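Scroll down for the structure; my scribbles are underneath it.
The values are calculated or read from the model by the stated rules, or taken from the named source; none is laboratory data. Every value quoted in this text rests on a predicted model; they were computed, and no experiment measured them. As a convention, Cβ positions derive from the backbone with ideal geometry for all residues, glycine included, and neighbour counts pool all protein chains shown. These area figures cover heavy atoms from the full protein model, side chains too; ligands, DNA and RNA do not enter into them. Shrake-Rupley method; radii C 1.70, N 1.55, O 1.52, S 1.80 Å.
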Amino acid sequence: MFALIDGNNFYVSCERVFRPSLVGRPVVVLSNNDGCAIARSNEAKDLGVKMGQPWYQIRQLEESHGLVALSANFTLYGDMSDRMMSLAAGMGPHAETYSIDEAFISLQGLKGDLAERARAVRARILQWIGIPTCVGIGQTKTLAKLANHIAKSSERKPGSYPPDLAQVCNLAALNQEELHALYQATPVGEVWGVGPRIGKQLLVEGVTTVLDLVRMPPTMARARWGVVMERTLRELLGQTCIELDDAPLPKQEIACTRSFGRPVQQLEPLIEAVSEFAARAAEKLRKQGSLAGQLHVFAHTSPFRPGPRFSRSVTVPLRRPTADTTQLVRAAVMGMRTIYRPGYDLAKAGVMLLDLVDGHAWQGELELGEDGGQDRSRLMAAMDVLNHRYGRGTVHVASTGTQGHNADHRVWAMRQERRTPQYTTRWEDVPIAKA
């Protein structure tokens, strides 16, 4: 038995925790460089704002309907997510954080009313950190995901499903007739694992609802759409095929890329940018206990702006796998110097760490002489601790520049003109209550 707990309109809900005046108003959170909508309040959805819609297409709603647009504040969202997940984990013995606002919880072995238990956890999250959530419960992860969709839709669109399923939906507590009624009312495209392409193919075959899908023989699903589709169907039938992944595998690649807030032509700010990207990637690398064998650097112009085109990249092999920030930054700078050409309005650059290996692996090698390198793992650990305690960039390599993280002084920094303070992670931004 599984539960899926999901924060409602998570980014918008995080903003509303610290700005209650936004409650009841149409709000969208914009992507990097304030490009397009990546989160919408229910009021914004009712205005017809689509997920991923460019900001310039909906800007007029600011004056006509009071739409509030905010720049993404991922530092705040990440911290709020950690708090929400720590409370959600209290629902069962094992948990899997599926995304920044979703977590699967194993309910195996728990007794009593699971829906009541879910409501208690949901109420605790709402009271302690102010994030509204919905919970879906089912025999499999796919059914839990479907139940969560029903719980959310029932709350947001009264009449779409029975009102008693709003906020918390336990499919395992329903009889066959009630289940079929829910399946009949749910489009097949809402099933976790049925993407847009397969969804269109299913519609052509006359499979329009979840009920149509569960009536399909698994052998037919496998023959027409492969083993993944058969697995999805068996999960809908209550057969567990996807286990809880409470310890995710280490990433095989780590990337840090950004679109610039304004075009960059000079080499110096590009070196600052890739130095920063390599340092951030190195921190993630150490966090998962890995070493990188190669580093890939790229830069290109915007495909949507006029002017000469530029797109170049280079992969820099490292002599030994490493997680040392200084070595990775040195490779990134060397790569950028190699690919850089003057005369272009560059719009984006990035760093990718490749050929990752476990940090405890040791590779024998021929006698190639000393490379002058030292084991600075303790120095890197100390740097990570200081940056975690006092804020990102407190200790950094010199090539990232001396302007700190003030976007006003960084040519390559993202445009985030509407970003709210980092209420929970910076002392300067902590709200002050006056009585």
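Can you give the relative contact order of segment 10-114 as a percent, counting alpha carbon pairs under 8 Å and 6+ residues apart? Result for segment 10-114 is 21 percent.
Quick check: net charge around M80, other residues with Cβ under 12 Å of its Cβ, Lys/Arg +1 and Asp/Glu -1? Working shown, then result.
Values: positive: R16, R83; negative: E15, D79, D82, D101.
Once all neighbours under 12 Å are counted, the net charge is -2.
Working from the Cα coordinates of the chain, the gyration tensor eigenvalues give, after taking √(5λ), semi-axes of 42, 28, 24 Å in decreasing order.
Against the main long axis of the alpha-carbon atoms of the chain, helix 74-88 sits at an angle near 40°.
Suppose a student asked you for the relative contact order of segment 268-395, using Cα pairs under 8 Å spaced at least 6 residues apart; what percent would you report? Please list the in-between numbers first.
On the way: 191 pairs, mean separation 41.2, N = 128.
Averaging sequence separation for qualifying contacts and normalising by length gives 32 percent for segment 268-395.
Charge tally for M51 (other residues, Cβ to Cβ under 10 Å; Lys, Arg +1; Asp, Glu -1): +3.
Exposure check, 1.4 Å probe, all protein chains in place: T425 carries approximately 60 Å² of accessible surface.
Per-residue extension of 0.36 nm, minus the Cα-Cα distance of R376 and D355, leaves a gain of 5.5 nm for this segment.
The gain in end-to-end length when the Q57 to R337 segment is fully stretched comes to 97.0 nm, 0.36 nm per residue minus the alpha carbon separation. Highest average first, the peptides 278-284, 58-64, 84-90 ordered by how many other beta carbon atoms sit within 10 Å of their residues are 278-284, 84-90, 58-64.
Give me the angle, in degrees from 0 to 90, between the Cα long axis of helix 227-236 and the longest principal axis of the Cα atoms of the chain, rounded to the nearest 10. Helix 227-236 sits at roughly 50 degrees to that axis.
Where in segment 229-333 are there chymotrypsin sites (Phe, Trp or Tyr not before Pro) that are in a DSSP coil and have at most 13 other Cβ atoms within 10 angstrom of their Cβ?
Working: sites: F260, F277, F298, F304, F310; in loops: F304, F310.
Here the chymotrypsin sites (Phe, Trp or Tyr not before Pro) that fit, given the DSSP loop and packing criteria, are F304.
Calculate, for K200 and F304, the FRET efficiency according to 1/(1 + (r/R0)^6) with r their C-beta to C-beta distance and R0 30 Å; round to the nearest 0.05. Could the numbers behind the result be given before it?
Working: r = 28 Å, r/R0 = 0.94.
With a Förster radius of 30 Å, E is 0.60.
Relative to the dominant Cα principal axis of the chain, helix 141-156 is inclined by about 80°.
Taking the Cβ of E268 as the centre, find all other residues whose Cβ is under 14 Å away and add up their charges (Lys, Arg: +1; Asp, Glu: -1). Don't skip to the answer; put the middle values down first.
Details: positive: R337, R410; negative: E272, E276.
The answer is 0.
Relative contact order (percent) for segment 111-170, with alpha-carbon contacts under 8 angstrom and 6 or more residues of separation?
Values: 80 pairs, mean separation 18.9, N = 60.
It rounds to 32 percent for segment 111-170.
Peptides 187-195, 67-75, 7-15 ranked from most to least packed give 7-15, 67-75, 187-195, packing being the mean of other C-beta atoms within 10 angstrom over each peptide's residues. Straight-line cross-link reach from K157 at under 30 Å between alpha-carbon atoms covers these lysines, not counting any fewer than eight positions away in the same chain: K45, K50, K141, K145, K200.
With runs of 4+ DSSP H residues as the only contributors, calculate the mean residue ellipticity of the chain at 222 nm using -39,500 (n - 2.57) per run, divided by the residue total and rounded to the nearest 500.
Working: 15 runs with 162 residues, N = 435.
Only helices count here, giving -11000 deg cm²/dmol.
Taking +1 at the Cβ of each Lys and Arg and -1 at the Cβ of each Asp and Glu, which of A3, V351, S154 sits farthest along the dipole of the chain towards its positive end, judged by Cα position relative to the Cα centre? Of the options given, the answer is V351. Residues within the reach of a label modelled at D345 (point 7 angstrom out along Cα to beta-carbon, backbone nitrogen below 15 Å), restricted to segment 296-314, are 300-310. Stretched out straight at 0.36 nm per residue, the stretch from E116 to N175 would grow longer than its current Cα-Cα span by 19.4 nm. Each peptide in 345-353, 214-222 gets a packing score, the mean of other Cβ atoms within 10 Å over its residues, and the list from highest to lowest is 345-353, 214-222. Placing unit charges on the Cβ atoms only, positive for Lys and Arg and negative for Asp and Glu, gives the chain a dipole magnitude near 820 debye about its Cα centre.
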